[in-house]
Amino acid sequence: MRQRILTLGLVLATRTLLAQEAVNGVSVGKGQTPADAVVAPVSGNAWIDLRQSAKPGAVQSVPSWVEAVTFTPADTQTDPAAMSVFRIRLARPSGRSAILFFRLFFNDQTAARPEIVAWDESGSQVLRSGPLGVGIGLESSESVMIPMHGITTVDVEVPGDSNGVRGAYLEWMISSELAHTASVGSQDAVPAPFASTLPLHAPTEDAEEFGTVTASLSADLIRIGPTPADGAVFEFGIESQPLLALVTFEIANPRIDSPPEVIANGQNIGAASLIMPGLADPGYRGEMRRLVTPMQFQYTGWLRAQKVVPASALHSGTNNIAIVNGPEASAAVIRATQLQLKYLWEKSDYILKPDR
């Protein structure tokens, strides 16, 4: 999952009101009726189901600061480029909450990338996210953080029928002074809800620190499958055999019980470790092929994956590393693939233990 911080910039614009209205409740889906009043405790987060397969008249339990959710379908017969619009009307809860974390779950298709648009009470557009996602053709999610100064309504605009939009996770954030290392940008220093790591970036050039060389294998988006023919292969040269190596990358839409595998110079060194967020994260999506089989889970977003490569699998000169998806998984996409090589340096910390 990648998060963005949107800068508040006033753009004068007007917008007609949505055709459907629901007050003090949640109503989504073409032909649905407004939901009944929702009585729920005030909390800092909310999950809003935006799938149009939801039953008509279904009521969702949401905090009171989610005042209404409405939906206007696109009239694609009149205008093929028309947008479907989900509109979420919000009231800021009491306290220091001033920034809204908004994470959208959707099928990341090139021709149907959604945008998040914020409006004030007068109907003026305050900010626009730009198209979300990268067009990988898989279930994914992306986040923005919205300064809610004067904003009362947040729209999700998506080209076409919007069937690729799954839902939205909202959480209020508190602004405070934050200290972070100089090597981490201020935008990446803010941890997303449920996340256990910060976003991963491929280094622009090789770097050496404390006897460890970090190099980018590829910053590109690369689709991988479960067979060697569908894997991503990286070729690189090293001057001398390292003591240890570490391959790190991000993967979209992994099956969590069948993680990607790493092959070094033709030797399968095993499955990578996925760094998992908490299980309450709405990114987990269950899948069952038959009622009698256990539910399997995909993660609809980006996760960091790592695999330690033993020194024996590498040698001086030209090497290659391949990454294939797990044998039980389908297609996935990786990015920001990088390699670390650890060598002895003058301050290496090690213990020499005699044989017993």
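Using a 1.4 angstrom probe on the protein heavy atoms only, line up Thr197, Thr212 by accessible area, largest first. Could the numbers behind the result be given before it?
On the way: Thr197 50, Thr212 25 Å².
The ordering from most to least exposed comes out as Thr197, Thr212.
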### Euclidean distance of C-alpha centroids, segment 102-136 and segment 278-356, integer Å
31
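Taking the Cβ of Gln296 as the centre, find all other residues whose Cβ is under 14 Å away and add up their charges (Lys, Arg: +1; Asp, Glu: -1). Don't skip to the answer; put the middle values down first.
Numbers: positive: Arg255, Arg285, Arg289, Arg290; negative: Glu139, Asp257, Glu287, Glu328.
Summing Lys and Arg as +1 and Asp and Glu as -1 gives 0.
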### Task
Note down the accessible area of Glu205, probe 1.4 Å, to the nearest 10 Å².
130
### Task
Would you pull out the residues with amide H under 5 Å of Gly211's amide H, same chain only if 5 or more places away, H placed 1.01 Å from N?
none
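Please work out whether segment 209-328 counts as rounded, prolate or oblate from its C-alpha gyration tensor, where a ≥ b ≥ c are the square roots of the eigenvalues and a/c under 1.5 means rounded, while otherwise a/b larger than b/c means prolate and anything else oblate? Spell out each step's value before the answer.
Details: a/c = 2.49, a/b = 1.94, b/c = 1.29.
It is prolate, given that a/c is not under 1.5 and a/b is the larger ratio.
Applying a 10 Å radius around every beta-carbon, put 244-251, 109-116, 318-325, 78-85 in order of their mean neighbour count, most first. Each step should come with its number before you reach the end.
Working: 244-251: 21.5, 109-116: 17.9, 318-325: 19.5, 78-85: 14.0.
Descending mean neighbour count gives 244-251, 318-325, 109-116, 78-85.
For segment 314-356, just say rounded, prolate or oblate: build the C-alpha gyration tensor, square-root its eigenvalues into a ≥ b ≥ c, call rounded for a/c under 1.5, and beyond that prolate if a/b exceeds b/c, oblate if not.
On the way: a/c = 2.76, a/b = 2.08, b/c = 1.32.
Prolate, since a/c reaches 1.5 and a/b exceeds b/c.
Can you give the local net charge around Val324? Use residues other than it whose beta-carbon is closer than 11 angstrom to its beta-carbon, Lys and Arg +1, Asp and Glu -1. Intermediate results must be reported in sequence, preceding the final value.
Working: positive: none; negative: Asp230, Glu261.
Residues close to Val324 contribute a combined charge of -2.
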### Summary
For Thr300, other-chain or 5+-apart residues with amide H closer than 5 Å (H placed, Pro excluded) are Tyr284, Arg285
### Query
Check Trp65: other-chain or 5+ apart residues with amide H under 5 Å from its amide H, H built from backbone geometry?
Ser43
#### Entry: Share of carbon and sulfur in the accessible heavy-atom surface of segment 209-314 [1.4 Å probe, %]
54
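The values are calculated or read from the model by the stated rules, or taken from the named source; none is laboratory data. A quick note: this is a predicted structure, and the numbers were derived from the prediction, not measured. Cβ coordinates were reconstructed from backbone atoms using ideal geometry, including for glycine residues, and neighbour counts include every protein chain displayed. Heads up: the accessible areas ignore ligands, DNA and RNA and are worked out on the full protein's heavy atoms, side chains in. Shrake-Rupley method; radii C 1.70, N 1.55, O 1.52, S 1.80 Å.
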